[in-house]
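Inspection log for the structure reproduced underneath, given as structure tokens.
The values are calculated or read from the model by the stated rules, or taken from the named source; none is laboratory data. None of these values were measured; they are calculated from a predicted model. Here Cβ is always computed from backbone atoms with ideal geometry, including for glycine, and neighbour counts include all displayed protein chains.
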């Protein structure tokens, strides 16, 4: 199975491909057969989950991530407030101790709309491209994007309401994100306006933090309400072209989550917390083609699955090196 | 790639219905998002949002700022470097112009107190064009005497006190006070026999005076403006004089900000510039 192509296909909206039994490696088949002999009872599974829930590293990656996200966004604010010129600008484009940085998607929209690329923008774009190739692509989403942060709380509320059956969650076809991507690119190209920036909660929130709040926050609030009452993580899952841009970068990144089938109980806790559960399709029984399976590039490397897995079957890896963390 | 055998099993009627509904839902999501996205054009449709832009903001020969909105990456680096904090970013009401910088001259004009056009240097995309090197080359707009009848100079009156009152928060750099730090206009009262604040504080006129005194800004003769921006002409026999805007005006807005009359006598037109005025010969 080609990791690169499967990653792209899933990212563009195709359902994960189910392996035929003959596609599974012999070792994996043996593991699955062995597991069938020693099935955990529901009570045993519950007990194990409960024990894991109490463990000290239960929120390790989430805490690291939130810390990073808050520090990065605060650096922008503090740097401007105290005029220390550490990070100037906003998430769309900035200068970090003098070095140009440009958000890949914002830069793309500007290049398509304006149809000229000045050197500084090119330098900023290449720098950020290399940075996120190294760090995992959609790592931007979960480790930096301020909208992702607030959407996580909206998501918690949504899941609670859905559990109590107070709302009826709605899903959409993931392929629509690819359609949006093309449409926003074409709109920029044809109209010459950076149409997406008007809607981007990432840009709106970043600017609101740095330059003060405004009317645009109403739009962000609307998105959050939609995600609370209608569709879980709708913006990130179905619309945001920033996520797709960084997802494409992530296909060639060495940092990703790796799944090991050996101890997995296939209870599916990881898929329940995941923003993009299709990437964890391989954790379903009989879906892993190999003993170790790298998780696809649409993964935001948020680490919620790593944190929640009671059997340590999911871990960050730096390809060619040992597991991280 | 996998050997998928989709064609082998036809979808159950239930599954087909689910797919159909998902498709409809998704189409509605797409439609809704597109409407929201294109709504950003509404503020631009009727001639656009009329705003004074920072120095170097891209404009074509007809002064259309389409390219400026395209090229701006909405990051606010220009905001951060401005010593007088003249630059603000637009909100959602500006539609596609969201996050794009502008200046409200009456509140805080650009007085070029950075000398080196810091906003232009900070701009990562060239939306504030890098082909601009000196304040005198700027074309933000063009000043106009909108209410000559209330002009103190035309009435032959002087002015004493704080130009915009004690509560005004705007700042200017007064070369004679502090070369490096702009101070509040409220902290710098005037006592003038004939009010000439618009000309007195005009950054172009200040530079011309410095150059004539042999001390150009930053010691750089290139900083010397080639033409006057505003001159005072005698009217009648008394001490009354009339401010006349000249083709060296760059439209920075300091005259609009400093004018002690309320509402201001002098305003910046953004649909004109020194170039268009020269081309039209008026």
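Details
- Any hit, segment B:9-16, residues being at pLDDT 95 or above, farther than 30 Å from residue A:124 by Cβ and more than 12 Å from chain A (Cβ to nearest Cβ): no
- Whichever residue in segment A:1-11 is surrounded by fewer than 17 Cβ atoms within 10 Å (Cβ to Cβ) and in contact (Cβ under 8 Å) with a residue 12 or more places away in the chain and, among such residues, is nearest to the other protein chains (Cβ to nearest Cβ): A:1
- Answer residue from segment A:80-109, given it is in contact with a strand residue (DSSP E or B) (Cβ under 6 Å, 6 or more places away or on another chain) and over 10 Å from residue B:75 (Cβ atoms) and is nearest to the other protein chains (Cβ to nearest Cβ) among those: A:87
- Residues in segment A:166-201 that are more than 11 Å from every other protein chain (Cβ to nearest Cβ) and in a helix (DSSP H, G or I): A:178, A:181, A:182, A:185, A:186, A:190, A:201.
- Every residue from segment A:46-87 that is touching a residue at least 40 places away in the same chain (Cβ under 8 Å) and over 25 Å from the mean Cα position of the chain (by Cα): A:48, A:51, A:80
- Verdict on residue A:120 being farther than 25 Å from residue B:118 by Cβ and either part of a loop (DSSP other than H, G, I, E, B) or within 14 Å of another protein chain (Cβ to nearest Cβ) (or both): no
- Qualifying residues in segment B:80-103 (those that are at the interface with another protein chain (Cβ under 7 Å from one of its Cβ atoms) and without any contact (Cβ under 8 Å) to a residue 40 or more places away in the chain) - the one surrounded by the most Cβ atoms within 10 Å (Cβ to Cβ): B:99
- In segment B:54-71, residue nearest to the other protein chains (Cβ to nearest Cβ) [restricted to those that are touching a strand residue (DSSP E or B) at 6+ places or on another chain (Cβ under 7 Å) and on the phi < 0 side of the Ramachandran plot]: B:68
- Only one of A:206, A:142 that is under 18 Å from residue A:66 (Cα atoms), assigned to a helix (DSSP H, G or I), within 11 Å of chain B (Cβ to nearest Cβ) and touching a helix residue (DSSP H, G or I) at 6+ places or on another chain (Cβ under 8 Å): A:206
For (1) more than 18 Å from residue A:135 (Cβ to Cβ); (2) modelled with pLDDT under 95; (3) assigned to a loop (DSSP other than H, G, I, E, B); (4) not assigned by TED's automatic domain parsing to the domain that holds residue A:46, each residue gets a yes or a no:
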{"position": "A:279", "(1), (2), (3), (4)": "no, no, no, no"}
{"position": "A:286", "(1), (2), (3), (4)": "yes, yes, yes, no"}
{"position": "A:300", "(1), (2), (3), (4)": "no, no, yes, no"}
{"position": "A:325", "(1), (2), (3), (4)": "no, yes, yes, yes"}
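- Among the candidates A:112, A:69, the residue that is out of contact with any strand residue (DSSP E or B) (no Cβ under 8 Å at 6 or more places or on another chain), assigned to a helix (DSSP H, G or I), surrounded by 14 or more Cβ atoms within 10 Å (Cβ to Cβ) and within 12 Å of chain B (Cβ to nearest Cβ) is uniquely A:112.
- The residues in segment A:16-28 that are surrounded by fewer than 18 Cβ atoms within 10 Å (Cβ to Cβ), touching a residue at least 40 places away in the same chain (Cβ under 8 Å) and more than 10 Å from chain B (Cβ to nearest Cβ) can be counted, and the count is 3.
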